[in-house]
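Below is one structure, written out as structure tokens; comments come after it.
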Amino acid sequence: MDESGIRTPWSGRCFVYLLPCREEDTLKIGFARDPWARLAAFHRRFDRFFDLARGAVVETDRVREARAIEAALKTAFADAVTPAPLPVRARAGGRFEWFRGVHAAAFEQMRSTSDALGYAFHAPLDAWLRDQWMVQLERIVDWSRDAYALVETLHYNASSELALPRERALRERLEIWESIGIDIGLLLDGTAGQWYRCGFAD
């Protein structure tokens, strides 16, 4: 799915992130300029793999500051390092930045560090991600409706080999947005909204 028409809403900043897994007491610590892209790099359905309601980010002005906070966290929890969970994409990297059994302590250290240094601390992560996307609601509405128009055209005029992957990619993107609290009814209406709820009528 071509998402080039959507501008990353947090460009120009850098974030230290804490990403707890949903099904096990394991979390990822790292930093990124684009937290959304980093989440997607780890897992196609990161909304299901990570417990975003328990996640957090510290917002900094420069990469150097984010690196320093990340390094302090890794040092503090070095004894809790654990292998990356198997479902995580190997190409995402960061395989030595996973930790087990330290969520509460890591969360509190991130909060206290942000307070001490005057950085913004954002938690829960799902609500913060939603707020970032909602800033550009008009743009994602246009993107969603254009993407649906293409999917509909392919569904009725192209082979399933071409149409189905695009339909699946659009549905997954919308489901991820919905999982962080974006009302899909704001993005798709009429037949597009019906498709999202029930699929194509045929």
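See the values below:
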{"quantity": "For peptides 76-83, 13-20, sequence by mean Cβ density within 10 Å, most packed first", "calculated": "13-20, 76-83"}
{"quantity": "Spin-label pair Asp61/Leu150, simplified geometry with 7 Å Cα→Cβ offset, distance in nm", "calculated": "3.9 nm"}
{"quantity": "Alpha-carbon Debye profile of region 114-195, log10 I(q)/I(0) at 0.12, 0.23, 0.27 Å⁻¹", "calculated": "-0.44, -1.08, -1.29"}
{"quantity": "Spacing of the two label points (7 Å from each Cα toward its C-beta) at Glu23 and Ala71, in nm", "calculated": "3.6 nm"}
{"quantity": "Highest to lowest packing among 35-44, 86-95, scored as the average C-beta count within 10 Å", "calculated": "35-44, 86-95"}
{"quantity": "Answer label, with Rg and Dmax of the Cα atoms in Å calculated from the coordinates and candidates (i) 17.6, 57; (ii) 18.6, 59; (iii) 20.7, 70", "calculated": "(ii)"}
{"quantity": "Listed residue (Gln132, Ala147, Ala68) projecting farthest to the positive dipole end of the chain, Cβ model", "calculated": "Ala68"}
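Coordinate-derived values only; no laboratory data. Note that the structure is predicted; figures quoted are calculated from it, not measured. Reconstructed Cβ throughout: ideal geometry from the backbone, glycine too, with neighbour counts over all protein chains shown.
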